[in-house]
Amino acid sequence: MADLATTYMGIPLSSPVLVGACSLSGRLSTIQEVEEAGAGGMVIKSLFEEQIMVEALRLSEQLAVGSERFAESLTYFPPLEHAGPREHLMWVAKSRKAVRMPLFGSLNAVSPDGWAGFARQLQDTGVDGLELNTYAVQTDPDRAPQDVEKDLYDTVQKVVEEVSIPVAVKLSPFYTNLIHVANELDHRGARGLVLFNRFVQPEIDEESQTLRNAMNLSRPEDSRLPLRYIALLHGRVKADLVASTGIHAAGGVVRQLLAGATAVQVVSTLYLHGVDQLSNINAELAGWMDRHGYATLADFRGKLSQEDVPDRFAFERAQYVELLMQQT
Ligand SMILES: Cc1cc2nc3c(=O)[nH]c(=O)nc-3n(C[C@H](O)[C@H](O)[C@H](O)COP(=O)(O)O)c2cc1C
């Protein structure tokens with residue numbers, strides 16, 4: 001029987017299939033089902049900057065009410081900037097106690113300052129690693145791309161220096177030169193790169209002429225974007241590469257491993273088919289390995305990465321030109 005074990009950022013995983021950050025981590029029973037279904041680990045949903053601000057605001061209102069009566073009691077409260085995420089941190093600590101599989105905390109780290117402290121508090125919950133979710137939409141015309149990227153690098157470096165557990169960065173695909181960004185993050189100490197986050201895009205309802213918030217799940221063909229960059233980055237960075245977006249079944253996992261992924265993250269497929277999909281994926285992945293004579297993941301990981309395919313341009317522009325020519 002094929003061995004699905006692997007190591008991600010130095011952490012042993014029983015399977016390369018991780019559950020990505022999502023609301024499934026909001027229930028202890030679901031986290032336990034995820035473990036029973038054979039997930040290699042799970043990322044707890046992100047602690048978002050907005051969440052921290054809202055909680056801090058609520059607490060400051062409560063403090064203001066109390067201060068009318070007991071002014072001196074204010075000194076008993078922790079500093080405001082650290083009071084915000086307490087509910088989230090308590091939840092992560094509780095989740096940590098409920099299962100044995102590796103758990104990763106996630107922070108929506110968009111600004112360089114302040115995040116190191118939250119990262120340390122997440123570490124104190126006992127999680128095995130951190131994932132920095134860099135989801136941000138830039139709208140300031142005066143902020144140059146290099147400023148945005150510098151903030152990202154500085155944030156990652158600060159967090160890496162602050163904690164002793166390994167730190168992964170979950171990236172957006174929207175960079176002019178993603179390979180450069182990945183390299184720089186590698187140098188700043190990121191032990192994992194998660195490619196990619198999937199932005200929730202706004203939608204307009206044309207009948208009511210109003211904005212609509214629609215959480216669309218991914219489709220399997222969306223996995224071709226991470227596939228390309230996993231293949232391009234394999235062997236070029238020290239950080240482990242994790243594919244995320246559009247991985248719905250075992251075939252998708254195999255393709256990302258062939259491109260060079262250390263592990264994959266799945267979310268949409270669990271919303272579509274239930275948590276048991278994890279055991280189907282593991283069984284089918286093992287079946288594929290048996291059929292192809294692979295005993296371990298290392299036997300075929302990266303076999304089709306850019307450095308290992310005969311046509312080195314297959315993952316670059318050449319493929320695009322070739323395909324367009326075939327259509328005429
Ligand atoms: C309901 C839901 C909640 C999510 N919450 C988070 C989150 O808190 N932090 C994060 O980094 N990504 C979050 N994501 C994004 C997923 O982790 C993942 O990157 C994305 O869904 C693409 O993977 P998929 O194609 O397997 O769904 C969420 C996705 C969904 C569907």
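The values are calculated or read from the model by the stated rules, or taken from the named source; none is laboratory data. Not measured: the values here are computed from a predicted model. Counting neighbours? That spans all protein chains shown, and the Cβs are built from the backbone with ideal geometry, glycine included. Side chains are part of the model used for accessible areas, which takes the heavy atoms of the whole protein and leaves out ligands, DNA and RNA. Shrake-Rupley method; radii C 1.70, N 1.55, O 1.52, S 1.80 Å.
Worth pointing out:
- Within the shell defined by Cβ-Cβ distances under 15 Å, the residues around residue 12 carry a net charge of -2, with Lys and Arg each +1 and Asp and Glu each -1.
- Length-normalised contact order of segment 102-182 in % [C-alpha pairs under 8 Å, at least 6 apart]: 38
- Dimensions (Å) - segment 214-288, Cα atoms, principal axes, largest first: 36, 35, 18
- Sequence-distant contacts, meaning Cα pairs under 8 Å at least 6 residues apart, place the relative contact order of segment 219-324 at 29 percent.
- Normalised by the number of residues in segment 136-236, the average gap of Cα pairs under 8 Å and 6 or more apart makes the relative contact order 22 percent.
- Using a Förster distance of 35 Å, the FRET efficiency for residue 316-residue 161 (Cβ separation, nearest 0.05): 0.50
- Segment residue 219-residue 183, length gained on full extension (0.36 nm per residue, minus Cα span): 10.1 nm
- Label zone at residue 307 (point 7 Å along Cα-to-Cβ), backbone N below 20 Å, segment 210-236: 226-236
- Three semi-axes describe the equivalent ellipsoid of segment 259-316; taken as square roots of 5 times the Cα gyration tensor eigenvalues and ordered largest first, they are 26, 17, 8 Å.
- Across the alpha-carbon atoms of segment 115-155, the computed radius of gyration and Dmax are 13.4, 40 angstrom.
- Residue 211-residue 94 FRET efficiency (beta carbon distance; Förster radius 35 Å; 0.05 resolution): 0.50
- For segment 1-46, the solvent-accessible area with a 1.4 angstrom probe is 36 square angstrom per residue.
- Only Cα sites of segment 92-232 enter the Debye sum here, all with the same form factor; the resulting log10 I(q)/I(0) across q = 0.15, 0.18, 0.21 1/Å is -0.86, -1.12, -1.30, listed in q order.
- Area accessible to solvent at residue 30, 1.4 Å probe radius, in Å²: 20
- P(r) tail fraction, segment 150-279 - alpha-carbon pairs more than 19 Å apart, %: 55
- Accessible area of residue 160 in the full protein assembly, 1.4 Å probe (Å², nearest 10): 40
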